[in-house]
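Some notes on the structure that comes next.
The values are calculated or read from the model by the stated rules, or taken from the named source; none is laboratory data. Bear in mind the structure is a predicted one, so any value in this text is a computation, not a measurement. Cβ atoms come from the backbone with ideal geometry, glycine included; neighbour counts cover every protein chain shown. Just so you know, the surface numbers come from the protein's heavy atoms only, side chains and all, with ligands and any DNA or RNA stripped out. Shrake-Rupley method; radii C 1.70, N 1.55, O 1.52, S 1.80 Å.
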Amino acid sequence: MRVIEHNWQWASPLVKRTGPVKYIVVHHAAGDSTAEGVHYGHIHENHWSGIGYHYFVELDGDIHRGRPESMMGAHVNEHNDESIGVCFSGNYEVRKNMPKAQLESGKELLADLQRRYPGAKVMKHGKMPDNATACPGKYFPFDEIVNGGKVSD
């Protein structure tokens, strides 16, 4: 698996994670975004340090590192210190099919994260406590990406 590294310019210092990773949280970008576009938007529209996710999977299957895993994310209400955030480009509330390259990269990335954080539960953003959202979208292929098509709760 190849992860594209960036020399992000952060608007403010990132905060070091203080606890264990309990969750791997899956998101969609709600649009056909790039990692660079999300980084820019999180700084200039959200007024955050920069990209809030730890990984961003583009439609062509490229995987980009956002925040270092050792740093707290900015992607899930009340659980940033105990989660790794993975965002997929696209709006899976309306896009019915994920491009094959993105699907395969997503499977590989999630399998790697599950191996490295065996106690972490993989969750849809909208299923996290205190996070009322449709993210990652009703057409997001969560079960296929996370557990090879086995239906989860």
Among the residues listed as 20, 13, 129, 68, the single one being open to solvent by 60 Å² or more (accessible area, probe 1.4 Å) and touching a His at 6+ places or on another chain (Cβ under 8 Å):
129
In region 1-39, how many residues are without any contact (Cβ under 8 Å) to a residue 24 or more places away in the chain and basic (Lys, Arg)?
0
From the options 105, 70, residue that is touching a residue at least 60 places away in the same chain (Cβ under 8 Å) and under 16 Å from the mean Cα position of the chain (by Cα)
105
Kindly provide the set of residues from region 43-61 that are open to solvent by 50 Å² or more (accessible area, probe 1.4 Å) and either under 29 Å from residue 100 (Cβ atoms) or in contact with a Cys (Cβ under 7 Å, 6 or more places away or on another chain) (or both), ordered by number.
60
Of all strands (runs of 3 or more DSSP E) completely enclosed by region 1-92, which ones contain at least 2 residues that are within 19 Å of residue 140 (Cβ to Cβ) and of a type in the set (A, V, I, L, M, F, W, C)?
23-28, 55-57, 83-88
Against the conditions (1) open to solvent by 60 Å² or more (accessible area, probe 1.4 Å); (2) touching a Gly at 6+ places or on another chain (Cβ under 6 Å); (3) hydroxyl-bearing (Ser, Thr, Tyr), where does residue 40 fall short? Just the number, please.
(2)
Yes or no: region 74-86 includes at least one residue that is open to solvent by less than 20 Å² (accessible area, probe 1.4 Å) and of a type in the set (S, T, N, Q).
yes
Taking the criterion of being loosely packed, with under 15 Cβ neighbours inside 10 Å and of a type in the set (S, T, N, Q), would at least one residue in region 96-109 satisfy it?
yes
How many residues are of a type in the set (Ser, Thr, Tyr), over 16 Å from the mean Cα position of the chain (by Cα) and farther than 26 Å from residue 129 by Cβ if we restrict to region 1-49?
2
